[in-house]
1. Arrange F106, F17 by Cβ neighbour counts within 10 Å, fewest through most, would you?
2. Restricting to DSSP H runs of at least four residues, report the calculated mean residue ellipticity at 222 nm for the chain, -39500 (n - 2.57) per run over all residues, nearest 500 deg cm²/dmol.
3. What is the sum of charges around V146, taking Lys and Arg as +1, Asp and Glu as -1, for the other residues whose C-beta is under 11 Å from the C-beta of V146?
4. Length gain on complete extension for the stretch E138 to K24, per 0.36 nm per residue less the alpha carbon to alpha carbon distance?
5. In whole angstrom, how far apart do the alpha carbon centroids of region 146-187 and region 1-69 sit?
6. With 30 Å as the limit, write out which pairs from K50/K88; K48/K151; K24/K151; K114/K177; K114/K157; K157/K190 have Cα-Cα distances beyond it, or answer none.
7. Could you list the residues of region 119-133 with an amide nitrogen less than 20 Å from a label point located 7 Å from the Cα of R156 in the Cα-to-C-beta direction?
8. All other residues with a Cβ under 15 Å from the Cβ of K50 taken together, and with Lys, Arg as +1 and Asp, Glu as -1, what is their net charge?
Amino acid sequence: MDKKNKISCSCGSCQLFLNDPLPKYSVMCACEDCRQALRWAEINGGKKPKDILYSVYLRSDIQSYNGIENMIATQLRGDASSTRIYCKNCFSCFAVDHVNYQNNVFMIQPDYCKQNFNLQIPPLAVLNLQDYPGEFAELESDTIPVFHSRKYPQERKRFLSIEPISEYLTPPKIPAKGTTIREIISKIGKIRVLDLIRGDNLEELENE
Ligand SMILES: [Zn+2]
Ligand SMILES: [Zn+2]
């Protein structure tokens, strides 16, 4: 029987096997960068981005991996804080690193890659609603904390006060037993900077 710890792209040529497949927390993200990154992937053959994305955090501790030669690491712009790993064949995005994750966790959006284990846990917050493209976002819960941005110190404080988020946005107390997501990114080699204009939904790239 397969161990329940596998994340892969949709064509199967990239695979990560985790040492700790237990999701640490999840959020719903409406930011324009997540959408733009998936939109870029969609143009290349990936899946169409939703307006709000279920995003889940896992320990940056990878037991083994396959298909590093099929992985590409990208950033949206030269000043980006996030690095996203895609399959260069099917353009699934199966791992996202951000400077704030401190190599303790990495993020995945389960709708945009494959997993052989359960990653559904109740989201703790809805983030970046200022970027939501519609008029009013229908949220599944009317008690979940919402954040229009995290630009202001009181917003960041409120976000970090939600247990257990701050615990995972600090350097890990227990070091990874396996390979970290940042080690995977450095093994991929060069990070491709896409130089996309912030907030552009890339309509014009469609016909190129
Ligand atoms: Zn693939
Ligand atoms: Zn986002």
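Any read-out appearing in this document is the output of simple, stated calculations on the displayed coordinates, not a laboratory observation. For clarity, every value in this text was computed on a predicted model and none was experimentally measured. Counting neighbours? That spans all protein chains shown, and the Cβs are built from the backbone with ideal geometry, glycine included.
1. In order of increasing Cβ crowding within 10 Å: F17, F106.
2. My calculation for the chain gives -4000 deg cm²/dmol from helical runs alone.
3. It works out to a net charge of -1.
4. 38.5 nm
5. Measuring centre to centre over Cα atoms gives 17 Å.
6. K114/K157; K157/K190
7. Under 20 Å, as judged by backbone N against the label point of R156, lie 125-131 of region 119-133.
8. For residues surrounding K50, the net value is -4.
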